[in-house]
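The values are calculated or read from the model by the stated rules, or taken from the named source; none is laboratory data. Computed from a predicted structure; not experimentally measured. Here the Cβ positions follow ideal geometry from the backbone for every residue, glycine too, while neighbour counts run over all protein chains shown. For accessibility, only protein heavy atoms count, side chains too; no ligands or nucleic acids. Shrake-Rupley method; radii C 1.70, N 1.55, O 1.52, S 1.80 Å.
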Amino acid sequence: MSDTTATVKYRKDYAPTDFRIDQVHLDFFLEDEYALVTAELNFSRRTDSNATKLFLDGEDLELQEIYIDGMALSAEQYLLSDEGLQLLDVAESFVLKTVVKIQPQLNTSLSGLYKSGSMFCTQCESLGFRRITYYLDRPDVMTTFKVSLSADKEKFPVLLSNGNLMDSGDTADGRHYSEWHDPHPKPSYLFALVAGDLGVLRDTFTTCSGKLVSLYVYSEHENADKLAYAMQSLIESMKWDEEVYGFEYDLEIYNIVAVGDFNMGAMENKSLNVFNTAYVLSSPETATDSDYEGIEGVIGHEYFHNYTGNRITCRDWFQLTLKEGLTVFRDQQFSADMGDAALKRIDDVNVLRSVQFREDMGPMAHPIRPDSYVAMDNFYTSTVYNKGAEVIRMMHTLVGADGFRSGSDLYFERYDGQAVSCDDFRLSIADANNRDFSQFELWYSQAGTPKISLSSSYDADAQRFVLSCEQSCQPTPGQDEKLPFHIPLLTALFDKDGNELAGERVLELCEQRQDFVFENITTEPVVSALRKFSAPVTLDFEQSDSDLQVLMSYDSDTFNRWEAGQRFATRAIFDLMTSLAEGKSIAPSPKFLDSMVEIANDKQLSPGMKSYLLCLPGHAALSGQLDVIDPELLQSARKVLRTAVADRLQDKFSELYDAMSSDEAYEPSQEQIGRRRLRNVCLSYLSVASTGNGVEMCATQFADASNMTDSVSALACLANLDVPQRQTALSDFFEKWQDEDLVVDKWLSVQASSSASDTFARVVALKEHPAFDIRNPNKVRSLIRTFAANPVHFHSADGEGYRFVADCVLELDKLNPQIAARIASAFAQWHRYEPSRSLQMKQQLQRISEQDKLSPDTSEIVKLSLQA
Ligand code: PHE
Ligand code: ZN
């Protein structure tokens, strides 16, 4: 069942434990049908406590033996419940020994010790360790671990845990064992164990002080030829963290293991990262450019956690953004340094706007440091991760790169080896820079996306320009009134020809209303505000089409160049929506179309940048800006504009398509990625042009593609069209790739996201397809979650999409509550849809909530959603 109980936990209730754990020794005896876990825990009471009772977390454990200081306990000396074990009378210091039996092969929640394929692995964050043994399962209890494990030697030749390998050898009956010691004190959530028959890629890294580290990346044997890019990314990450933050790796060994069944992307367990195969395995034939980018980013992310998360960890789970916001920020910096920084920024902002902004508008809206939760797993959100990273980025902007490094150094000087709070980080950055960040704290305590309204006035005689800023923030659940935030606004001014009138400045908006004065401005300027997206806010700023065109063509900040184009496109799409709704003629904005022509013809733009500028804003980003969403109307308007661009630029797109073709060997380099991206954007437009041979081009590219990027791009275009080539391509693709799990995932999601008319029937059928497996989170995400994000078919007017997804939630809830809860959140925005859809979504939420024995995870999401 689930790993949390249905009570609400509050941040304000934090109190340290009465007892410390000074040392842990774990022994695992692994068998096919069960595992025996022997734990020896050395407890000592804190000096400021006189407690004689001790409660240890434990879930789904079968207690077999229990001793204190070597003496077996009698039944009166402890109490067992569904939540754990209470010791009724303990001394100041003592050694507890327990033996528990667990059944990893039956663990479908993928939390604790479980089986993925033939291998054993663990996932302990956040509350999984209590499903392995009785323990103080909370991040502020840090201790050193010794672990021994034994299993059948033939079936499980590889036995791994955290830290350094101390011993290994064979025992009787064809078994073998290994012993590990991790000298760094750590909380239980960073514990890991793996046992399996695995292939491996080995390498080494020499740290800045000359220490040699052995690196291993493991996977099932059949995938062991797809590990090179992950290894390369690990080495780059190690180098980068030394250079940029001065963080040197602190053990002799670093292991990464790829597993096929995993609830999240990956896990930063000390020196033994466990990864979803999706973020490890790659080859040009099976992985796309964005898969390669994902691997680099996630390998970096988990590696960077070794300092920000492991060496300094969280005092309690409310502080999750302390490690996640900071580590996402660090992985974003890393990817920006490895690739194209401006395009990386656009990607990151797109995620923030389409996922996090939506959280802020819904019933689950919470501050990056939440005040309460029922199921902690529900708070691994885009708010904690992505908005958390934006909050760190704002500090970086306010104190500059050097100031940020000094702050990070001070943070480690003060807290290395400890479990701390978000305040401790914020104050380290502030103190190192002599800044007052007390108002900045509101970013941690207040939920919601602030809105900044800008207006301006220009006095030609005085050559003075005044930018007036006003901030506001909508109420969120439990927070009716918001205080003004401390917001860094990067701003520059241009004239109409794109010459800079005022260089970039950080305007610090702290009041609710504030004026910023620019002197010596010789002509009425065009404002480039919120450059680099310097704060996670929305801007309300009336700028004329021609001002937007100036920014689109000349802004020296690439992000704002792109942003001006997106704003222009959004305006064009919303105008079309109004015309469609009123039954008026639907002619897309000629000025907008002209601007697209200009971009397509621009010879200065890199192919990558051009491809971004040519893409219209997505459905999620657009619907976030609407008060009431009519998905059909929005989709139709977007389609009209897309077709108009395709028709207007048909010849240019064909020309660019040819120009971007190449027969170079595949490399995930910036240069090649940009060219492929532009080529595939052209193809996608051509596939929807009213005339021409776009469909045949897709079929040809699909047939000839030598890499997965080109293959799946063509397939996705075809999958959207009601044409005979579609079925052929889908069948061929499956035929060719049916044995490659990660490629089958792409095959599922291409169909689940399709706009073609029979998508719903297909998805229903695919759920019964032998290639689908409801126990595998990657399969569920590819088919069910992708479908639940399909703007047309999930929201089909008759409600069949909603019913289907609700049925899936109920089925999943019995197997894997974490995944069920994530799917259920597709209904959280019900109140923002037009009345008929809104009602139907709400009815499905009600139906889910009436199910008995609903997990705390799903029930929390559903209950909060119904309160909206
Ligand atoms: N801590 C992991 C990360 O962000 C995510 C994770 C959370 C994985 C919970 C598994 C379970 O790197
Ligand atoms: Zn993380």
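Quick test for you: out of 90, 24, pick the one residue that is assigned to a loop (DSSP other than H, G, I, E, B) and in contact with a strand residue (DSSP E or B) (Cβ under 6 Å, 6 or more places away or on another chain).
Being assigned to a loop (DSSP other than H, G, I, E, B) and in contact with a strand residue (DSSP E or B) (Cβ under 6 Å, 6 or more places away or on another chain) holds for just one of 90, 24, which is 90.
Need pairs with beta-carbon distance below 6 Å; first residue without any contact (Cβ under 8 Å) to a residue 40 or more places away in the chain and within the range 238-256, second open to solvent by 10 Å² or more (accessible area, probe 1.4 Å); sequence gap 6+ or separate chains.
These pairs meet every condition: 242/208; 242/248.
If the requirement is being among the basic types (Lys, Arg) and within 16 Å of ligand 2 (Cβ to nearest atom), which of these qualifies: 239, 270?
270
State all residues of the range 712-741 that are over 29 Å from the mean Cα position of the chain (by Cα) and under 23 Å from residue 690 (Cα atoms); if no residue qualifies, say none.
721, 722, 723, 724, 725, 726, 727, 728, 729
Could you figure out which of (1) touching an Asp or Glu at 6+ places or on another chain (Cβ under 8 Å); (2) surrounded by 16 or more Cβ atoms within 10 Å (Cβ to Cβ) isn't true of residue 221?
Failing condition for residue 221: (2).
Does residue 203 meet the test of being in contact with a strand residue (DSSP E or B) (Cβ under 6 Å, 6 or more places away or on another chain), charged (D, E, K, R) and either under 15 Å from residue 216 (Cβ atoms) or without any contact (Cβ under 8 Å) to a residue 12 or more places away in the chain (or both)?
The answer is yes for residue 203.
Look at residue 495 and say whether it is among the acidic types (Asp, Glu), surrounded by 13 or more Cβ atoms within 10 Å (Cβ to Cβ), in contact with a Phe, Trp or Tyr (Cβ under 8 Å, 6 or more places away or on another chain) and in contact (Cβ under 8 Å) with a residue 24 or more places away in the chain.
The answer is no for residue 495.
Under 6 Å between Cβ atoms, which residue pairs at least 6 apart in sequence (or on different chains) link something in the range 373-389 that is part of a loop (DSSP other than H, G, I, E, B) with a partner that is open to solvent by less than 10 Å² (accessible area, probe 1.4 Å) and away from ligand 2 (no atom under 11 Å from the Cβ)?
Between residues of the range 373-389 that are part of a loop (DSSP other than H, G, I, E, B) and residues that are open to solvent by less than 10 Å² (accessible area, probe 1.4 Å) and away from ligand 2 (no atom under 11 Å from the Cβ), the close pairs are 375/857.
Yes or no, residue by residue, for (1) open to solvent by 20 Å² or more (accessible area, probe 1.4 Å); (2) part of a helix (DSSP H, G or I); (3) not aliphatic (A, V, I, L, M):
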{"residue": "653", "(1), (2), (3)": "no, yes, yes"}
{"residue": "658", "(1), (2), (3)": "yes, yes, yes"}
{"residue": "663", "(1), (2), (3)": "yes, no, yes"}
{"residue": "668", "(1), (2), (3)": "yes, no, yes"}
{"residue": "673", "(1), (2), (3)": "no, yes, no"}
{"residue": "678", "(1), (2), (3)": "no, yes, no"}
{"residue": "686", "(1), (2), (3)": "no, yes, no"}
{"residue": "691", "(1), (2), (3)": "yes, no, yes"}
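Here are 172, 192: which of them is modelled with pLDDT under 95 and not charged (D, E, K, R)?
So the residue among 172, 192 that is modelled with pLDDT under 95 and not charged (D, E, K, R) is 172.
For residue 318, are the conditions met, namely being buried (at least 22 other Cβ atoms within 10 Å of the Cβ) and near ligand 1 (Cβ under 10 Å from one of its atoms)?
The answer is no for residue 318.
Return yes when residue 300 is open to solvent by 20 Å² or more (accessible area, probe 1.4 Å) and touching a helix residue (DSSP H, G or I) at 6+ places or on another chain (Cβ under 6 Å) and no when it is not.
Considered against the rule, which asks whether it is open to solvent by 20 Å² or more (accessible area, probe 1.4 Å) and touching a helix residue (DSSP H, G or I) at 6+ places or on another chain (Cβ under 6 Å), residue 300 comes out as no.
Quick check: is even one residue across the range 603-624 part of a helix (DSSP H, G or I), more than 30 Å from residue 359 (Cβ to Cβ) and open to solvent by less than 40 Å² (accessible area, probe 1.4 Å)?
Checking the range 603-624: at least one residue is part of a helix (DSSP H, G or I), more than 30 Å from residue 359 (Cβ to Cβ) and open to solvent by less than 40 Å² (accessible area, probe 1.4 Å).
Please go through (1) in contact with a Ser or Thr (Cβ under 6 Å, 6 or more places away or on another chain); (2) open to solvent by 20 Å² or more (accessible area, probe 1.4 Å); (3) closer than 20 Å to residue 681 by Cβ for residue 746 and return the number of the only condition it doesn't satisfy.
Checking residue 746 against (1) in contact with a Ser or Thr (Cβ under 6 Å, 6 or more places away or on another chain); (2) open to solvent by 20 Å² or more (accessible area, probe 1.4 Å); (3) closer than 20 Å to residue 681 by Cβ, the one that fails is (1).
So which residues in the range 254-312 are acidic (Asp, Glu) and within 14 Å of ligand 1 (Cβ to nearest atom), if there are any at all?
Hits for the range 254-312 are 261, 268, 302.
For residue 749, only one of the following conditions fails: (1) part of a helix (DSSP H, G or I); (2) among the hydroxyl-bearing types (Ser, Thr, Tyr); (3) over 23 Å from residue 230 (Cβ atoms). What is its number?
(3)
Looking at (1) open to solvent by less than 30 Å² (accessible area, probe 1.4 Å); (2) closer than 23 Å to residue 261 by Cβ; (3) in a helix (DSSP H, G or I), which is the one condition that is false for residue 718?
(2)
Restrict the check to the range 372-387 and report whether at least one residue is among the acidic types (Asp, Glu) and within 16 Å of ligand 2 (Cβ to nearest atom).
Yes - at least one qualifying residue is present in the range 372-387.
So is residue 73 surrounded by 20 or more Cβ atoms within 10 Å (Cβ to Cβ) and not small (Gly, Ala, Ser) or not?
So residue 73 does not fit the description; no.
In this structure, is residue 401 small (Gly, Ala, Ser) and either surrounded by fewer than 20 Cβ atoms within 10 Å (Cβ to Cβ) or within 13 Å of ligand 2 (Cβ to nearest atom) (or both)?
Considered against the rule, which asks whether it is small (Gly, Ala, Ser) and either surrounded by fewer than 20 Cβ atoms within 10 Å (Cβ to Cβ) or within 13 Å of ligand 2 (Cβ to nearest atom) (or both), residue 401 comes out as yes.
Run down 278, 258, 342 and say which single residue is more than 15 Å from ligand 2 (Cβ to nearest atom) and either in contact with a strand residue (DSSP E or B) (Cβ under 8 Å, 6 or more places away or on another chain) or assigned to a strand (DSSP E or B) (or both).
That would be 258, the only listed residue that is more than 15 Å from ligand 2 (Cβ to nearest atom) and either in contact with a strand residue (DSSP E or B) (Cβ under 8 Å, 6 or more places away or on another chain) or assigned to a strand (DSSP E or B) (or both).
Considering 327, 286, which residue is at negative phi, more than 12 Å from ligand 2 (Cβ to nearest atom) and either of a type outside the set (A, V, I, L, M) or touching a His at 6+ places or on another chain (Cβ under 6 Å) (or both)?
Answer to the selection: 286.
Among the residues that make up the range 321-329, is at least one of them within 15 Å of residue 388 (Cβ to Cβ), without any contact (Cβ under 8 Å) to a residue 24 or more places away in the chain and either among the aromatic types (Phe, Trp, Tyr) or within 13 Å of ligand 1 (Cβ to nearest atom) (or both)?
yes
Any chance you could count how many residues in the range 140-172 are within 16 Å of ligand 1 (Cβ to nearest atom) and farther than 18 Å from residue 39 by Cα?
0
Pull up the range 89-129, narrow it to residues that are open to solvent by 30 Å² or more (accessible area, probe 1.4 Å) and of a type in the set (D, E, K, R), then point me to the one that is nearest to ligand 1 (Cβ to nearest atom).
By that ranking, first place goes to 115.
Inspect the range 413-425 for any residue being among the acidic types (Asp, Glu), open to solvent by less than 30 Å² (accessible area, probe 1.4 Å) and in contact with a Leu (Cβ under 9 Å, 6 or more places away or on another chain) and give the result as yes or no.
Scanning the range 413-425 turns up no residue that is among the acidic types (Asp, Glu), open to solvent by less than 30 Å² (accessible area, probe 1.4 Å) and in contact with a Leu (Cβ under 9 Å, 6 or more places away or on another chain).
Scanning for something within 24 Å of residue 815 (Cβ to Cβ), more than 16 Å from ligand 2 (Cβ to nearest atom) and modelled with pLDDT of 95 or more, does the range 143-158 turn up at least one residue?
No, every residue in the range 143-158 fails to be within 24 Å of residue 815 (Cβ to Cβ), more than 16 Å from ligand 2 (Cβ to nearest atom) and modelled with pLDDT of 95 or more.
One line per residue, one yes/no per condition, for (1) open to solvent by 10 Å² or more (accessible area, probe 1.4 Å); (2) assigned to a helix (DSSP H, G or I):
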site: 264; (1), (2): yes, no
site: 293; (1), (2): yes, yes
site: 310; (1), (2): no, no
site: 330; (1), (2): no, yes
site: 337; (1), (2): yes, yes
site: 348; (1), (2): yes, yes
site: 354; (1), (2): yes, yes
site: 358; (1), (2): yes, yes
site: 364; (1), (2): yes, no
